[in-house]
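Here's the structure we're looking at; comments come further down.
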Amino acid sequence: MPEVSFTNSAGRVAAQFGLAATSYPQHARLQRHAAARLMAWLPRQLPWLVDLGTGPLWYREQLQRHCDQLLALDLSWSMLAQASAQGVDAVQGDATLLPLLPQSLDALYSSLMLQWCAKPELVLQQVAHALKPGAVAVFSTLLQGTLTELEHAWAQLDSYRHINEFLPLQYFQQLRPGLDAMGVTVTLESELVQLPYATVRELARELKGLGANTVLGERRHGLTGKGYWQQLEQNYPRRHGELLASYQLLYIRLERR
């Protein structure tokens, strides 16, 4: 697999997701929900399909129903090793430095990867540039408002950033004119998903199991001590006694005219 050099933040994300390579599937409730929604937007009978930010490729069979050949592309060697073990062609690379030729892409699928990129607009622009006429790229990402309950609980304990700063919907809406000028039609759909958890520790374990506990731009300071966890639990807002975590999802569809 060819190697692409990473920026510091990209390297940290790759390392974090590499550590979660084996635990990822058992914690991927939100990922399964987003994947199902995106796959409904994918055409069938594609010659090639690129899975950008592939993770451990636990949805390989579903993606392969849409294409003759599947290519996995990810930052993490550990994640790609699982794709290779399943007989899928795999390439390591940074999503902002895509090795794609102009109008060479039949289709691209990317679920819950964009939020880890420092400049998501670069990814969307590169993919738009690489799409063949009639080709489609579908993405899901997280928006501002994700994990607000956990952020609220943390804010009452210390002043460190513990939650990634997700972009607002307006950020993606303002990219539309530029992509349209490239000959690409953009569809945006947002959705609020709320998942229940028994405890805050269960939520934290799920985020860690997904490799989603890295804060970009600042080192995350971990919890220490039973009392600290208890305080966090007490500070966590509940709805009718239920502990829910909110995820603001955005689905993006690009189609070259």
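Of note:
- For Leu75, the stated conditions hold: it is touching a Phe, Trp or Tyr at 6+ places or on another chain (Cβ under 9 Å), aliphatic (A, V, I, L, M) and over 25 Å from Ala181 (Cα atoms).
- Looking across region 31-69, the residues that are in contact with a helix residue (DSSP H, G or I) (Cβ under 8 Å, 6 or more places away or on another chain), hydrophobic (A, V, I, L, M, F, W, C) and more than 10 Å from Tyr109 (Cα to Cα) come down to Leu57, Trp58.
- Boolean, Leu108 is under 18 Å from the mean Cα position of the chain (by Cα), within 25 Å of His33 (Cα to Cα) and modelled with pLDDT of 95 or more: yes
- Residue selected from region 92-101 under the condition in contact with a strand residue (DSSP E or B) (Cβ under 9 Å, 6 or more places away or on another chain) and either at pLDDT 85 or above or surrounded by 17 or more Cβ atoms within 10 Å (Cβ to Cβ) (or both), by the criterion farthest from Gln126 (Cα to Cα): Gln92
Residues checked against (1) at pLDDT 50 or above; (2) not in a helix (DSSP H, G or I):
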| residue | (1), (2) |
| --- | --- |
| Phe17 | no, no |
| Ala34 | yes, no |
| Pro56 | yes, yes |
| Leu71 | yes, yes |
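- Taken over region 145-157, residues that are over 14 Å from the mean Cα position of the chain (by Cα) and polar (S, T, N, Q) amount to 2.
- Taken as a whole, the condition of being more than 16 Å from the chain's Cα centre (by Cα) and surrounded by fewer than 17 Cβ atoms within 10 Å (Cβ to Cβ) does not apply to Gln82.
- Yes/no for Asp89 being surrounded by fewer than 17 Cβ atoms within 10 Å (Cβ to Cβ) and either under 28 Å from Leu169 (Cα atoms) or modelled with pLDDT of 95 or more (or both): no
- Per-region count, region 162-180, residues within 20 Å of Leu142 (Cβ to Cβ) and either surrounded by fewer than 17 Cβ atoms within 10 Å (Cβ to Cβ) or in contact with a Lys or Arg (Cβ under 8 Å, 6 or more places away or on another chain) (or both): 9
- Residue within region 116-126 that is β-branched (Val, Ile, Thr) and under 27 Å from Asp180 (Cα atoms) present: yes
The values are calculated or read from the model by the stated rules, or taken from the named source; none is laboratory data. Here the structure is a predicted model, which is why all the values come from computation and not from measurement. All Cβ positions, even for glycine, are placed from backbone atoms using ideal geometry, and neighbour counts span all protein chains on display.
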